[in-house]
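Q: Okay, here's the structure, questions in a sec.
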Amino acid sequence: MAVGRADHVSYYAASRAPASWPLQVGTVPAAARGFQHRPALDGLLGPTVRCGVLVGTAGVGKTQQAARLARAAWDEGRLDLLLWVTATDREAVVAAYAQAAAEITGFETTAPEQGARSFLAWLTPAPADPRRRWLVVLDGVADPEDVRGLWPPGHPDGRTLVTTSRRDLAQPGAGRWVVPVGGFTQTEATAHLRDALAVGGRSGRPGELEELARGLGRLPLALAQAAAHLVGAGIDCAEYARLLRPGTGGTLAELVPGPGALPDGQPLSLHEAWRESLDRAERTPRTGGHVRPLLELASVLPPEGAPEAVFTGPAVLRYLEHYRAATAADVVPVHVEDVRTALEVLDRLCLIEYLPADTYRAVRVHPVLQRATREAPAARVPYWTAASALVEAGSRFRDDPAFTPFLVRAVGLSQELDGSALWSTTPHWDTSLGSDHPSGAHEVLLRMGELLGEADGPEAAQSHFRQLADEALRRHGPKSSVFYSARKRLAHWQGEAGDAAGAAAAHAALLGELVQAVDPAHEHTFSTRAALGHWRARAGDPAGAAAAYAELAPLQARQYGPGYSDVVDTRVRAASLLGEAGDAYGAAIAYEALLHDLLRHLAPQGGPRLPRWSAALGMLVRNRPDWSDVFGAHFGHAHWRGRAGDPVGAATSLTHLLNEQVRVLGPAHPDTAATREELARWAPYTRSG
């Protein structure tokens, strides 16, 4: 390689004797304390591999594994040149190449780019040039632009080894072997802690080492820095593990050595390394400022994975819009594709794993990265938004029992990380929330109990709602809405467990307290009265159930109007249960009153008085869509009229009803068929009369 000719004089300002062979340029990191050999990587510099790529998130030990491979190749005499490049940016790569060229040729260059090109040319020698076996290690490539035009050539005499957190650099190809690098296995992690502590003259019990390894997510960098802190601070593994638990100790920054005491020459603590990756992700175009809030959201969800639907629902889109409004000058609507783009960027930088096709584990984050994210300066930890997103996702997966374990895990994690995260500090009664959405606690706590009941049985739901009621009582006192809601659901699942009478008694007691605590027309009292009627009926007390519904109907009518569907349903239940209790006459009268009120309510304002039901029905169906309630009330009245001893009246009424149903619904409609069948029951009495 003739790099010293006259046309290169302006680039090469000095000369020295070329280095002797074999030649090593750059410093290969020494083996870390407690280093664990990973045999799966041994073939990375095999004869058919021209370029090996180790890809993984910060802290998984990529550099240490690359250093082991490089040292082994050097020590075994398989290399003439070993170049180690700490590839923090393009300038560092260019400078390292230029230094290698200077070492090889003896010419010092004043133009690093020219020196780098000369080195790359040397890696592909001319046929007459001496052949040299070489290995170039590019450690920590952070951006594809940093190595654009600087990739070593694929030459039979050479190998390239790259470590990176960029998945877009880790594309398989001819002669290229890409190896994802993850954390240690539990055995490797425990052994690493044991060996690293032994170097510092410390030890730990096997069980304590295993617990600590799990608590640190078996992440090599976290384990190394924890071991150094244990030695330096003079604390034992059990105490460190206690401090590591959420809510009981310090932050990650307080549980690793200071900058001057990091082990094995490490330049950054774990949380600083990840913060650097996140800053780089935020600088990526087209992310819309969404990568940080999305990572913060992922930091409060199960690390083993969460459905994509949790990140793309309305609750998260609104949250991202509000987040941007607080941090940027412009505010733009956020769409699902914006979220997916940001998740793809986080995946590309190995901050998350994003696998959209995986139904329940589409977004995964290492637990230590989650903690570092939650503890970052000015971090917003969106527990409430995450809970709302879980409720929305639960609606999507309503019929999928596999969603329940995920929801339970997610809610449990939020409560473990922050026991107050899903509780508000100012509970109050809010009728707009409805009976199943109490203020004072997030709706997800109630939703989880329902899913537990559906998936695992009534006993699981009872246990959940009992604990929820106790917690609500402790936090907000005996008159909070969430306390009543939890008790109401507890009573419901008591009934579902087979104790209908106990459920009815519990609802009766709860109703008595509610009437004293809130307005009788409050939604909580309405739903409790309805539940009381339901469970009395299930317990074999139709008269008591009818009384509960009869008390509820006028309260609803005053609140919503007599034609409101809930009012009609309540009156129908009350009338039907009267008949089941043995009061057929009372049931007929109740249905007649309901029919009269429906006709009066639904007939055109100012219209004529309608003396006959058939004429009324005819006018009604021409002007209103609510014919089904009228038909139902008419049928109920006729049925119980016959049961009360007036078969002729029942048959006459049913004949009028059948004529209208045939005209409106058609002769084949199920309701028409039911009326025809009921008429057949009473028609013989008409003929005999």
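The values are calculated or read from the model by the stated rules, or taken from the named source; none is laboratory data. Keep in mind that this is a model prediction, so the values were computed, not measured. In this analysis, Cβ positions are derived from the backbone assuming ideal geometry, glycine residues included, and neighbour counts consider all displayed protein chains. Just the protein is used for accessible areas: all its heavy atoms, side chains included, with ligands, DNA and RNA removed. Shrake-Rupley method; radii C 1.70, N 1.55, O 1.52, S 1.80 Å.
Q: Within the stretch 639-689, restricting attention to residues that are open to solvent by less than 60 Å² (accessible area, probe 1.4 Å) and among the aromatic types (Phe, Trp, Tyr), which residue is farthest from ILE589 (Cα to Cα)?
A: Going through the qualifying residues, I end up with TRP682.
Q: Still on this structure, I have one more. Just to be sure, is LYS479 touching a Ser or Thr at 6+ places or on another chain (Cβ under 8 Å) and among the basic types (Lys, Arg)?
A: no
Q: Of the conditions (1) in contact (Cβ under 8 Å) with a residue 40 or more places away in the chain; (2) over 20 Å from ARG167 (Cβ atoms); (3) outside any loop (DSSP other than H, G, I, E, B), LEU41 fails just one. Which one is it?
A: (2)
Q: Quick one: is ALA575 open to solvent by less than 10 Å² (accessible area, probe 1.4 Å) and more than 17 Å from PHE526 (Cβ to Cβ)?
A: Numbers: open to solvent by less than 10 Å² (accessible area, probe 1.4 Å): yes; more than 17 Å from PHE526 (Cβ to Cβ): yes.
Spelling it out, ALA575 is indeed open to solvent by less than 10 Å² (accessible area, probe 1.4 Å) and more than 17 Å from PHE526 (Cβ to Cβ).
Q: Next question, about the same structure. Being more than 31 Å from the chain's Cα centre (by Cα), farther than 21 Å from VAL411 by Cα, among the aliphatic types (A, V, I, L, M) and modelled with pLDDT of 95 or more is the requirement here; does ALA503 meet it?
A: yes
Q: Within the stretch 86-97, does at least one residue satisfy the condition of being touching a Cys at 6+ places or on another chain (Cβ under 8 Å), assigned to a strand (DSSP E or B) and not basic (Lys, Arg)? Break it down into steps so the answer makes sense when it comes.
A: If we filter the stretch 86-97 for residues that are touching a Cys at 6+ places or on another chain (Cβ under 8 Å), which is where we start, we get none.
No, that holds for no residue.
Q: Go through the stretch 196-251 residue by residue and tally those that are among the basic types (Lys, Arg), modelled with pLDDT of 85 or more, assigned to a loop (DSSP other than H, G, I, E, B) and out of contact with any Cys (no Cβ under 8 Å at 6 or more places or on another chain).
A: Counting residues in the stretch 196-251 that are among the basic types (Lys, Arg), modelled with pLDDT of 85 or more, assigned to a loop (DSSP other than H, G, I, E, B) and out of contact with any Cys (no Cβ under 8 Å at 6 or more places or on another chain) gives 2.
Q: As an exercise: evaluate ALA521 against (1) under 39 Å from the mean Cα position of the chain (by Cα); (2) in a helix (DSSP H, G or I) and give the number of the one condition it does not meet.
A: Status for ALA521: all satisfied but (2).
Q: Looking at the stretch 637-653, I want the residues that are under 18 Å from ARG571 (Cβ atoms) and have a partner that is among the polar types (S, T, N, Q) and buried (at least 19 other Cβ atoms within 10 Å of the Cβ) with Cβ atoms under 8 Å, at least 6 apart or on another chain. Which pairs are those?
A: Correct list of pairs: HIS637/SER653; ALA638/SER653; ARG641/SER653.
Q: Next up: When only residues in the stretch 102-143 that are touching an Asp or Glu at 6+ places or on another chain (Cβ under 6 Å) and part of a loop (DSSP other than H, G, I, E, B) count, which is least open to solvent (accessible area, probe 1.4 Å)?
A: Only one residue fits best here, namely ARG132.
Q: Only one of PRO47, PRO22, PRO39, PRO18 is modelled with pLDDT of 95 or more and either among the polar types (S, T, N, Q) or open to solvent by 30 Å² or more (accessible area, probe 1.4 Å) (or both). Can you tell me which?
A: Every option except PRO22 fails the conditions.
Q: Somewhere in the stretch 603-623, is a residue at pLDDT 95 or above and either touching a strand residue (DSSP E or B) at 6+ places or on another chain (Cβ under 8 Å) or in a loop (DSSP other than H, G, I, E, B) (or both)?
A: Scanning the stretch 603-623, I find no residue that is at pLDDT 95 or above and either touching a strand residue (DSSP E or B) at 6+ places or on another chain (Cβ under 8 Å) or in a loop (DSSP other than H, G, I, E, B) (or both), so the answer is no.
Q: Continuing with this model, one more query. Check LEU446, LEU468 and return the single one that is modelled with pLDDT of 95 or more, within 28 Å of the chain's Cα centre (by Cα), under 30 Å from SER299 (Cβ atoms) and open to solvent by less than 20 Å² (accessible area, probe 1.4 Å).
A: Criteria check complete, one pass: LEU468.
Q: So in the stretch 332-359, with the set limited to residues that are aliphatic (A, V, I, L, M) and under 23 Å from ARG275 (Cβ atoms), which one is surrounded by the fewest Cβ atoms within 10 Å (Cβ to Cβ)?
A: VAL339
Q: How about the stretch 257-342: which helices (runs of 4 or more DSSP H) wholly inside it have at least 3 residues that are closer than 23 Å to ARG166 by Cβ, among the small types (Gly, Ala, Ser) and in contact (Cβ under 8 Å) with a residue 40 or more places away in the chain?
A: 270-282
Q: OK, next. Across the stretch 227-256, which residue is most open to solvent (accessible area, probe 1.4 Å) among those that are free of Cβ contacts under 8 Å to residues at least 12 places away in the same chain and β-branched (Val, Ile, Thr)?
A: Applying the filter and picking the extreme gives THR248.
Q: Which condition from (1) under 30 Å from LEU243 (Cβ atoms); (2) open to solvent by 60 Å² or more (accessible area, probe 1.4 Å); (3) at pLDDT below 90 is the one that GLY419 breaks?
A: (2)
Q: Report yes if some residue within the stretch 365-374 is touching a helix residue (DSSP H, G or I) at 6+ places or on another chain (Cβ under 6 Å), modelled with pLDDT of 90 or more, surrounded by 16 or more Cβ atoms within 10 Å (Cβ to Cβ) and assigned to a loop (DSSP other than H, G, I, E, B); otherwise report no.
A: Yes - at least one qualifying residue is present in the stretch 365-374.
Q: Can you tell me which residue within the stretch 152-172, out of those that are of a type in the set (A, V, I, L, M, F, W, C) and at pLDDT 95 or above, is farthest from SER277 (Cα to Cα)?
A: First, the residues of the stretch 152-172 that are of a type in the set (A, V, I, L, M, F, W, C): 161-162, 169-170.
When the remaining residues are screened for being at pLDDT 95 or above, the result is 161-162.
Working: LEU161: 21, VAL162: 17 Å.
Step by step, filter the stretch 152-172, then rank; the result is LEU161.
Q: When both residues are 6+ apart or on different chains and their Cβ atoms are under 8 Å apart, which pairs have a first residue that lies in the stretch 204-223 and is acidic (Asp, Glu), and a second that is modelled with pLDDT of 90 or more?
A: Listed by first residue and then by second, the contacts come to GLU210/GLN186; GLU210/THR190.
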